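Q: I'd like to ask some things about the structure below.
Laboratory data are not the source of any read-out in this text; all were calculated from the coordinates shown. Here the structure is a predicted model, which means the values were calculated and not measured. Virtual Cβ from ideal backbone geometry, glycine too; neighbours counted across all protein chains shown.
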Amino acid sequence: MSVIDVTDLRKSYGGRAAVDGVSFTVEEGEIFGILGPNGAGKTTTVECVEGLRVPDAGRVRVTGLDPVADHREVTRVLGAQLQRSELQPGLTVREALELYASFYPHPADWRPLAERLGLAPKLTTRFATLSGGQRQRLFIALALIGDPRIVVLDELTTGLDPRARRDTWELIEDIRAGGVTVLLVTHFMEEAQRLCDRVAVIDQGRVAALDTPAGLIRRSAGATVISFTPSAPLDDHDLTALPELASVRHKDGRVTLSGTDATVDAVLTLLARSRVTAHHLRVTDATLDDAFLDLTEATA
Amino acid sequence: MSTDVLDTAVLRTEIRLFRREPGGIFWILLFPTLLLVILGSIPAFREPEPSLGGLRPVDAYVPVAVLLGLIVGGLQAMPVTLTGYRETGILRRMSTTPVRPAALLTAQMLVSGGAALLSAPVTLAAGRLAFDVTLPRQPFGYLLALLLALLGSLALGAVLSALSRTTKTATAVGSAALFPAMFCAGVWLPVEAMPDVLAGIVGWTPFGAAAQALNEAAAGDWPGGLHLGVLAAWTLLLTAAAARWFRWE
């Protein structure tokens, strides 16, 4: 069952199209990622889902409701963490949790929530003196305090250290395990690859691709990367003649090829035939990073 | 309780936050009384003055100090807070909850307005106890003029907040508006002591009209229809302007 339906969404600012015909569907219980370069229209898209912006054209539905016309009903099923927002500087963590809990008809209990997010020791700390990571965790707590069916998390781990980022990822997996659908906006490929069931890559206001992270990687031209330092120089003609080759690079005596499994087989045969030893041979699968660059480089 | 524009939990929170800010409490609640006490301690301020129609300057300064509390609350404290709430995304964050961000504006106005209103009895009591200033002889007229002046001050503050994109601008614009407002209210020269032409011009401004209405009620008359009318017209005009120009983000 789908909980978010976006069909041909369009939104312009001052004549420039920020979102130019975006469509996607988020299924109940999945972690759906929206990936894209800065200024691609990711935030505008989710702001239309949250009902913070009125689309110029297209249709947005959240559990069948219109986020603009049925705004209050939507806020009860959808919790949001915004990319940039603050709270009153003098408000303590506990007061913020209690205040926001009071806004909802059936709020979650804020105590276990604070505990799970590591905010328990900070309950009497004022917002102004919280660190970036603590603020971020407080906003996650506020997104969850209404016991929503869907949470929208926009650039959740930006500004967090690697440790805090990993903790946050575990938390998101916990949230989903609790039955909440997650719409995640990110520009970290590692984050999308680790967490998302499906990813929409948005570029210049359009959906450039929509697939599972593994599917996106398979689709990209150079899904496998082979690199080595040859004991003797190889003939460039032999290299470029390799089957299903996507790219060749030489740097400081090291050769890096991208292609498929067939390319790997052929390069090993070539090396044996030429009696060349491949030092420090590495064969790796391409990451979502590579797939992303592939998808967006035509326009970059 | 929660409606579109009023939420009691938000209001309670804003009251609590206001009480944590010593600056707001001092400037709105204590500063006007302090000014009255300082001026009243000057012996010359306790001598009857012919230019004030036989009143002592300290008598004339009680309504001025009462207005000062309203001006500081409406023009200095509130616009900066409201603009900050918009600038830092607090209003936006609230838009994603079932409570409308308008509830935060209402709460802020009630807190600033409530504090400003509270400073009036403090000032009146200080005047009565320290300098034997008679309490307003027409209390209902005084209260009416006070409430209208409060609404006008809050509406002007809301306009300033609507026109300021950043808290820096709001602070600057608020201070810039503060001095003419204080002048019209009679902080430097009570309206009764102003030359007739000047008093006539000042009477068309919100705080000048408020000062004259308060003086009339203090002396025991019902405030003049012209002064109350000028004040009410300003309040309506400014409220409409604030509603027209206020941006939620």
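Q: If I fit a long axis through the Cα atoms of helix B:225-245 and take the longest principal axis of the Cα atoms of chain B, what angle between them do I get, 0 to 90°, rounded to 10?
A: Once rounded, the angle reads 20 degrees.
Q: Could you tell me the distance between the Cα centroids of segment B:189-209 and segment B:82-128, to the nearest Å?
A: 30
Q: Same structure again: May I ask for the distance between the Cα centers of segment A:198-248 and segment B:1-63, given as a whole number of Å?
A: Distance between centres, Cα-based: 72 Å.
Q: For A:K42, which aspartates and glutamates qualify as cross-link partners when the Cα separation must be under 12 Å and same-chain residues fewer than eight apart are set aside?
A: A:D20, A:D154, A:E155, A:D203
Q: A further question follows. Rank by packing, highest mean first: peptides A:7-19, B:208-220, with packing defined as the count of other Cβ atoms within 10 Å averaged across residues. Mind showing how you got there, number by number?
A: Numbers: A:7-19: 15.2, B:208-220: 25.3.
Averaged packing, sorted descending, gives the order B:208-220, A:7-19.
Q: In addition: Over segment A:218-299, what is the relative contact order in whole percent, taking alpha-carbon pairs under 8 Å and six or more residues apart? Kindly include the intermediate steps, with their values, before the conclusion.
A: Working: 122 pairs, mean separation 36.5, N = 82.
Value for segment A:218-299: 44 percent.
Q: Mean Kyte-Doolittle hydropathy of 1.0 or higher plus an axial Cα length of 15 Å or more: which whole DSSP H helices in chain A meet both? Intermediate values should be presented prior to the final figure.
A: Numbers: long enough: A:132-144 (18 Å, 0.42); A:162-177 (23 Å, -1.18); A:261-273 (18 Å, 0.95).
Span-like helices here: none at all.
Q: While we're looking at this one, here's another question. Between B:W248 and B:F31, what FRET efficiency comes out of the Förster formula 1/(1 + (r/R0)^6) with R0 = 30 Å and r the beta carbon distance, rounded to 0.05?
A: Numbers: r = 32 Å, r/R0 = 1.06.
For B:F31 and B:W248, the calculated efficiency is 0.40.
Q: Of B:F246, B:P139, A:V152, whose Cα points farthest to the positive end of the dipole of the protein assembly as shown (charges on the beta-carbon: +1 Lys, Arg; -1 Asp, Glu; origin at the Cα centre)?
A: Going by the Cα projections, it comes out as B:P139.
Q: Let me ask something else. In 20 Å bins starting at 0, how do the alpha-carbon pair distances of the protein assembly as shown split up by percent?
A: Going from the shortest bin to the longest, the percentages are 19, 37, 25, 13, 5, 1.
Q: Next question, about the same structure. Simple spin-label model, 7 Å along Cα-to-Cβ: A:H106 to A:Y13 in nm?
A: Modelled inter-label distance: 3.8 nm.
Q: What does the helix-only formula give at 222 nm for the protein assembly as shown: each DSSP H stretch with n ≥ 4 adding -39500 (n - 2.57), the total divided by the residues, and the result rounded to the nearest 500 deg cm²/dmol? Please list the in-between numbers first.
A: Details: 22 runs with 273 residues, N = 549.
Dividing the helical sum by the residues of the protein assembly as shown leaves -15500 deg cm²/dmol.
Q: Moving on. What do you get for the angle between helix B:167-185 and the principal long axis of chain B? Use alpha-carbon atoms, 0 to 90 degrees, nearest ten.
A: 20
Q: Under the definition of Cα pairs under 8 Å and six or more residues apart, what whole-number percent is the relative contact order of segment A:75-224?
A: Details: 191 pairs, mean separation 35.5, N = 150.
Once divided by the residue count of segment A:75-224, the mean separation gives 24 percent.
Q: Another question, if that's okay. So how far, in whole Å, is the C-alpha centre of segment B:129-164 from the one of segment A:148-195?
A: 52
Q: Calculate how steeply helix B:8-20 sits against the longest principal axis of the alpha-carbon atoms of chain B, using the helix alpha-carbon long axis, and give the answer as 0 to 90 degrees to the nearest 10.
A: Roughly 60 degrees, rounded to the nearest 10.
Q: Here is a further query. Going 7 Å from the Cα of A:T125 in the Cα-to-Cβ direction, what parts of segment A:136-164 have a backbone nitrogen less than 18 Å from that spot?
A: A:136-143, A:157-164
Q: What are the residues whose amide H is under 5 Å from the amide H of A:A209, where those residues sit 5 or more places off or on another chain and H is modelled from the backbone?
A: Close amide H contacts, sequence-distant or interchain: A:V201.
Q: Mind checking which of B:A181, B:V58, A:F24 is farthest towards the positive end of the protein assembly as shown's charge dipole, using Cβ charges of +1 (Lys, Arg) and -1 (Asp, Glu) about the Cα centre?
A: B:V58
Q: On average, how many beta carbons from a partner chain sit within 10 Å of the beta carbon of a residue in B:12-18?
A: Numbers: counts 3, 8, 2, 0, 6, 6, 1.
Taking all residues of B:12-18 together, the mean is 4.
Q: Moving on. Roughly how crowded by other chains is peptide A:78-88, in terms of the mean Cβ count from those chains within 10 Å of each of its Cβ atoms?
A: Details: counts 1, 2, 5, 2, 5, 1, 4, 9, 8, 6, 11.
Counting Cβ atoms of other protein chains within 10 Å of each residue's Cβ and averaging gives 5.
Q: Using only atoms on other chains, find how many Cβ atoms lie within 10 Å of each Cβ of peptide A:99-108 and report the average. The partial results should precede the final answer.
A: Details: counts 9, 5, 1, 9, 10, 3, 1, 0, 0, 0.
Shielding by partners across A:99-108 averages 4.
Q: Follow-up. Which one, A:A232, A:G253, A:T284, projects farthest toward the positive side of the charge dipole computed for segment A:218-299 from Cβ point charges (K/R +1, D/E -1)?
A: Most positive-ward Cα: A:A232.
Q: If I model a spin label at A:R254 and A:D285 as a point 7 Å from the Cα along the Cα→Cβ vector, what separation in nanometres do I get?
A: My value for the distance between the label points is 2.2 nm.
Q: Run the simple label-point estimate for B:R46 and B:A125 please: 7 Å along Cα→C-beta, distance reported in nm.
A: Output for this residue pair reads 2.2 nm.
Q: In percent, what relative contact order does chain A have, based on Cα pairs under 8 Å that are 6 or more apart in sequence? Can you show the working numbers first?
A: Details: 567 pairs, mean separation 57.9, N = 300.
That works out to 19 percent.
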